[in-house]
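The values are calculated or read from the model by the stated rules, or taken from the named source; none is laboratory data. Remember, it's a predicted structure, so these values are computed and weren't measured experimentally. All Cβ positions, even for glycine, are placed from backbone atoms using ideal geometry, and neighbour counts span all protein chains on display. All accessible areas refer to the heavy atoms of the entire protein, side chains included, with ligands and DNA or RNA removed. Shrake-Rupley method; radii C 1.70, N 1.55, O 1.52, S 1.80 Å.
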Amino acid sequence: GWPKTSGGKGLHIYVRIKPEWGFQDVRRAALAFAHEVERRAPDDVTTTWWRKDRDPKLLFVDYNQNARDHTIASAYSVRGNPEGTVSTPIRWDEINDVDPRDFTIATVPARFAELGDLHAGIDDHVYTLDTLVEWADRDGLDPDEGK
């Protein structure tokens, strides 16, 4: 996967998939992935959708980023806030220390000049959803039913 800040408080992981999957399969695969992460790290991760119902100390895996008509901040897009934060590609080794507020319209151009486009190779790494769709089938997951 290819991590980037959301330009807000979150982190997005981009993964290119082969263009052989329909929308519903992608939704189910995202839900299966989220549930598997939660299953493997129940003390650290939640998929509970409503903010009021989830423990704020847990990492929220938001499978609904793959929802119909849902948009996300693309890499290098400026968010509409007074700080001018920018959705910025980062390296895996930066995740523990990164502060998304440090990536602004004033700071990202120098970072890009120094590091280049950290997502430049994303199209060279394309994956299938086979395993995730199998997990969705195994678990009887239907994201539209909130299971």
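Observations on the structure shown:
- If you sort 132, 59 by accessible surface, 1.4 Å probe, largest first, the order is 59, 132.
- In the stretch 1-144, the alpha-carbon atoms span a convex hull of 135 Å³ per residue.
- The residues neighbouring residue 41, those whose beta-carbon lies less than 15 Å from its own, together hold a net charge of -1 under the Lys/Arg +1, Asp/Glu -1 convention.
- Placing unit charges on the Cβ atoms only, positive for Lys and Arg and negative for Asp and Glu, gives the stretch 55-147 a dipole magnitude near 380 debye about its Cα centre.
- A 1.4 Å probe run over the stretch 13-68, with the rest of the protein chains in place, finds 68 Å² accessible per residue.
- Net charge dipole size for the stretch 6-126 [Lys, Arg +1 and Asp, Glu -1 on Cβ; Debye, nearest 20]: 460 debye
- Based on DSSP H segments of at least four residues, each scored -39500 (n - 2.57), the chain has a per-residue ellipticity at 222 nm of -7500 deg cm²/dmol.
- Accessible area, probe 1.4 Å, largest first, for residues 95, 90, 105, 13: 105, 13, 95, 90
- Per-residue SASA remark: residue 76, around 70 Å² accessible (1.4 Å probe; ligands, DNA and RNA not included).
- Using C-alpha pairs under 8 Å with a sequence gap of at least 6, the mean separation divided by the residue count of the chain gives a relative contact order of 35 percent.
- Nearest-0.05 FRET efficiency for residue 110 and residue 50, computed from C-beta distance (R0 41 Å): 0.55
- Where N is the number of residues in the stretch 1-51, Cα Rg divided by 2.2 N^0.38 Å: 1.31
- Other residues within the sphere of radius under 14 Å centred on the Cβ of residue 25, judged by their own Cβ, net out at -2 (K and R +1, D and E -1).
- Sulfur and carbon atoms: percent of accessible area, the chain [1.4 Å]: 51 percent
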